[in-house]
Each structure stands twice: as structure tokens, then as C-alpha cells.
Amino acid sequence: GCMKYLGIEIGGTKLQLAIGSGDGCLDHLWRTTIDPVQGAVGIRQQIQRGFSELLALAKVRMADLGGIGIGFG
């Protein structure tokens, strides 16, 4: 399939994961709020869950990902 890219944005109140083709347009977006009480462990768990859900939603295989970018607010 066509090469896709995963973006992860970790903010103070929200977490977003997106898949796109690298041209600035997003194909699919997964978003949730962060529970600060859970700390880093909770955020990692949310990323794992969101990643699985996003791949299924986008019908993208891990092998189709050409790269991953992570941003912190």
C-alpha cells in the first residue's frame, strides 16, 4: 500500500494520534483527554490503545508506516 506516517501529539490536557500520507493532510485522527493522575504510565497506555484503534480505523498495517513523529506541547 501507500506509505503512511504516524504523528503523536502529547499536550497538557489532550493526546492526539494521526495517520497521514506526509503531505500535511490527515487521513485519520484519534484524540482523547489525558488523566494527569495516571502519569507517564497512563499516557503510554493511552498511546498503545490509540495506536491500535487508529491502525484498525485507517486500515493501515504497521509495515505501511514510513515514520513516526512525536510532539510535546
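Per-structure values
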item	result
Meets criteria (out of contact with any Cys (no Cβ under 8 Å at 6 or more places or on another chain) and open to solvent by 60 Å² or more (accessible area, probe 1.4 Å)) for residue 16	no
Residues of region 4-13 satisfying the condition of being part of a loop (DSSP other than H, G, I, E, B), open to solvent by less than 90 Å² (accessible area, probe 1.4 Å) and at pLDDT 90 or above	11
Residue that is least open to solvent (accessible area, probe 1.4 Å), among those in region 21-73 that are of a type in the set (D, E, K, R) and either under 11 Å from residue 5 (Cβ atoms) or in a helix (DSSP H, G or I) (or both)	64
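The values are calculated or read from the model by the stated rules, or taken from the named source; none is laboratory data. Here the structure is a predicted model, which means the values were calculated and not measured. Virtual Cβ from ideal backbone geometry, glycine too; neighbours counted across all protein chains shown. Please note that ligands, DNA and RNA were not included when accessible areas were found on the heavy atoms of the full protein model with its side chains. Shrake-Rupley method; radii C 1.70, N 1.55, O 1.52, S 1.80 Å.
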